[in-house]
Each structure stands twice: as C-alpha cells, then as structure tokens.
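Enquirer: Before I ask anything, let me first share the structure, which is written out below as structure tokens.
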Amino acid sequence: MESPDAVKSFNSALAHMYPSMQQPSPAASEPPAQPADPAAPAQPAAQPSTAPSQQPPQTEAEAAKRLFPGMEEQTTPAPNSTIPEAVKALRESDPGRRMFSPQKGPLASVITAENLFAEVTDGQITGEIRQAAAAELREIATDIGANRQEVETFLSIRKDILGNPPTPEQSEKWRAESVQLIRSRYGDAAESTLALGEKLMLRDPRVAKLIIDGRMQGHPRVVSLMCELATREAQRGRLK
C-alpha cells in the first residue's frame, strides 16, 4: 500500500507541473442586495460595459481541455506554459524530435496514465490531467535522452519508494553508496560527473521536483542513471 506522504508529494509535483489546472478557490459570498428605497431618486439606466465579461469558474476537466486540447489522441505534446525556455529551445532544435514523436515511439507504451497513476488514489486528479501528465512526461524523458529501459528503471524505483518510503537512515546509506559507485565508475572525473548529473536534473525544474518529491535523489541507481544521461547529453552538445 502506498505511503500517504509519498502520494501527497507526487501530487504536489503534478500540481507544480500543471499549476493552472488547479481549480480556483470559491469567491467570497456577496452580501444580499438591499431592497430599493421608493423615495430615492431614479438612477440612470446602466450602460453596457465595455470590459470583458467574467466567465464562471472552470471545472478541472474544462480547464484541462482548454490547456491541453486533443490530448486524448496523444499524437502531439500538449501546450504547457511551465516548460522552461531552455527546454523549448532544445526541443525545437532537435531534428529527430520532428521525425520521431515521443508520443508514438517506445515510450508511449511505458509511460501511460494507467501505470503512472496506478498507486495514486486522489480523486481530484482527473483522467484529463493524468493523460496530460503522461504525455508531458514522455516529452521530458525524451528531453533528458532516456530510453525505454532507463524509463522502466525510473518507474520501478518510484513504485518501490511509493510503497516503502526510505527512512532517514536508509537515505543516508543510499547517498554513501551513490558516492562510492560514482567514484569507482568515473575515477578522477567523479565530482565533475556528479555536478553534470545535477545540472541535467536542474535544467528542467520539473525533473528535479519529480525526483526530489519522489524521494529518489539519493538512490544509487537514480544517481547513476542521471550521471549516464548527463554524460550523453554533454557529448551531444546539449549540456555544458
């Protein structure tokens, strides 16, 4: 069974990814109108207002459809105002991205709304939001150069941590193991490789938030994967 705190953190990460999908809080109730005084002078007729009419609050589903039109088909990434400009530029300059959409490639069968939210029971996360989050996570995985096997590793670790969150002692042990692993693998370049992995994680704040809120940042396999991905991105000239 998933940890409530872990699920709450994951929901927080989704809210950060799609902030404008959150429903606005209800407006304060207005005082009742007072009856008109018969002795009062007549007021001139109200002129039509030139200001834009105020729309009623949107439901989560309506807001999702406006922000992510056609996301049921998942043929193209849904518009998302939270994508950092640097990431947008990388996507636009990647010729392979135009030929091979993340929404139709191998990641489409790995990152799905069904397996991504299998342990999340929060009813406020609608089907539209789940589909939109899955679609954007395919894009994010492609941004960092993760292949199908690497994504499956991330998802497996996330599932394990949701069901069994690490204690402070376990987290400390993970960090020590991660440092030892990176030093043994990269030798004198260990520190610079770790810094490169952190730079990749921070290039898109949503990646950092998902990893940190998922309590995965110290996990040896996650640290190792981020270093491998960062090294590949640097070799492609996409991370400096």
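Enquirer: Looking at this structure, is Gly163 surrounded by fewer than 16 Cβ atoms within 10 Å (Cβ to Cβ), touching a residue at least 40 places away in the same chain (Cβ under 8 Å) and of a type in the set (Gly, Ala, Ser)?
Expert: Considered against the rule, which asks whether it is surrounded by fewer than 16 Cβ atoms within 10 Å (Cβ to Cβ), touching a residue at least 40 places away in the same chain (Cβ under 8 Å) and of a type in the set (Gly, Ala, Ser), Gly163 comes out as yes.
Enquirer: Okay, next question. Considering only region 96-103, I want to know if a residue exists there that is over 26 Å from Arg236 (Cα atoms), at pLDDT below 95 and surrounded by 13 or more Cβ atoms within 10 Å (Cβ to Cβ).
Expert: No: zero hits.
Enquirer: Condition test on Leu202, is it surrounded by fewer than 16 Cβ atoms within 10 Å (Cβ to Cβ) and either within 17 Å of the chain's Cα centre (by Cα) or among the acidic types (Asp, Glu) (or both)?
Expert: So Leu202 passes the test.
Enquirer: Which ranges mark the helices (runs of 4 or more DSSP H) fully within region 135-240 that have 3 or more residues being touching a Pro at 6+ places or on another chain (Cβ under 6 Å)?
Expert: Of the helices (runs of 4 or more DSSP H) lying wholly inside region 135-240, those with at least 3 residues that are touching a Pro at 6+ places or on another chain (Cβ under 6 Å) span 168-186.
Enquirer: Is it fair to say Ala190 is farther than 18 Å from Ser156 by Cα, surrounded by 14 or more Cβ atoms within 10 Å (Cβ to Cβ) and of a type in the set (Gly, Ala, Ser)?
Expert: Yes.
Enquirer: Inspect region 215-223 for any residue being closer than 18 Å to Ile144 by Cα and either surrounded by fewer than 16 Cβ atoms within 10 Å (Cβ to Cβ) or free of Cβ contacts under 8 Å to residues at least 40 places away in the same chain (or both) and give the result as yes or no.
Expert: yes
Here's the yes/no breakdown for (1) of a type outside the set (A, V, I, L, M, F, W, C); (2) at pLDDT below 95; (3) under 24 Å from the mean Cα position of the chain (by Cα):
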residue	(1), (2), (3)
Thr142	yes, no, yes
Asn147	yes, no, yes
Glu150	yes, no, yes
Arg158	yes, yes, yes
Gly187	yes, no, no
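The values are calculated or read from the model by the stated rules, or taken from the named source; none is laboratory data. Since this is a predicted model, take the numbers as computed values, not measurements. Neighbour counts run over all protein chains shown; Cβ positions are idealised from the backbone, glycine included.
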